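Student: Take a look at the following structure, please.
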Amino acid sequence: MLRPAGRVVADLDPPGTGSGYRLLRLHDARGRRSPSLPWAHVSVDDIAALAGGAGMRTATITSHPRPGTHEDAGQARRWFAVLTADA
């Protein structure tokens, strides 16, 4: 749920990796597993179109080095987008 002037912060896959979904199961410390659930992964390349389809726009896209890495390559970085309601 999102309030009318709210923002979404999305953790993205690197450019060039494609988007889609896969089925995942969550596991807790006791070894219990959830039922399978669809989990989306969205690349930087696809976020603007997906946001637009949801009535939102991409306000910013940023990347940050992954912990323990010093490379400036796309795969060694974490990518994020801030989405806002389309005006």
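Values quoted throughout were computed directly from the atomic coordinates according to the rules given, and no laboratory measurement underlies them. This one's a predicted model, so the numbers in the text were calculated from it and none came from an experiment. Glycine also receives a Cβ, built like all others from the backbone with ideal geometry; neighbour counts cover every protein chain displayed.
Student: Would you please name the residue that is nearest to ARG3 (Cα to Cα), looking only at residues in the range 14-65 that are among the polar types (S, T, N, Q) and surrounded by 13 or more Cβ atoms within 10 Å (Cβ to Cβ)?
Tutor: Within the range 14-65, the subset among the polar types (S, T, N, Q) is 17, 19, 34, 36, 43, 58, 60, 62-63.
If we keep only those that are surrounded by 13 or more Cβ atoms within 10 Å (Cβ to Cβ) as well, we get 17, 19, 43, 58, 63.
Working: THR17: 31, SER19: 26, SER43: 25, THR58: 17, SER63: 26 Å.
So, considering only residues that are among the polar types (S, T, N, Q) and surrounded by 13 or more Cβ atoms within 10 Å (Cβ to Cβ), the one nearest to ARG3 (Cα to Cα) is THR58.
Student: Can you say whether GLY68 is surrounded by 10 or more Cβ atoms within 10 Å (Cβ to Cβ), part of a loop (DSSP other than H, G, I, E, B) and of a type outside the set (A, V, I, L, M, F, W, C), as far as the supplied structure shows? Quick ask: steps written out before the conclusion?
Tutor: Values: surrounded by 10 or more Cβ atoms within 10 Å (Cβ to Cβ): no; part of a loop (DSSP other than H, G, I, E, B): yes; of a type outside the set (A, V, I, L, M, F, W, C): yes.
Considered against the rule, which asks whether it is surrounded by 10 or more Cβ atoms within 10 Å (Cβ to Cβ), part of a loop (DSSP other than H, G, I, E, B) and of a type outside the set (A, V, I, L, M, F, W, C), GLY68 comes out as no.
Student: Additional query: Within the range 10-21, identify whether any single residue is within 17 Å of ASP86 (Cβ to Cβ) and of a type outside the set (Lys, Arg), and answer yes or no.
Tutor: Yes, the range 10-21 has at least one match.
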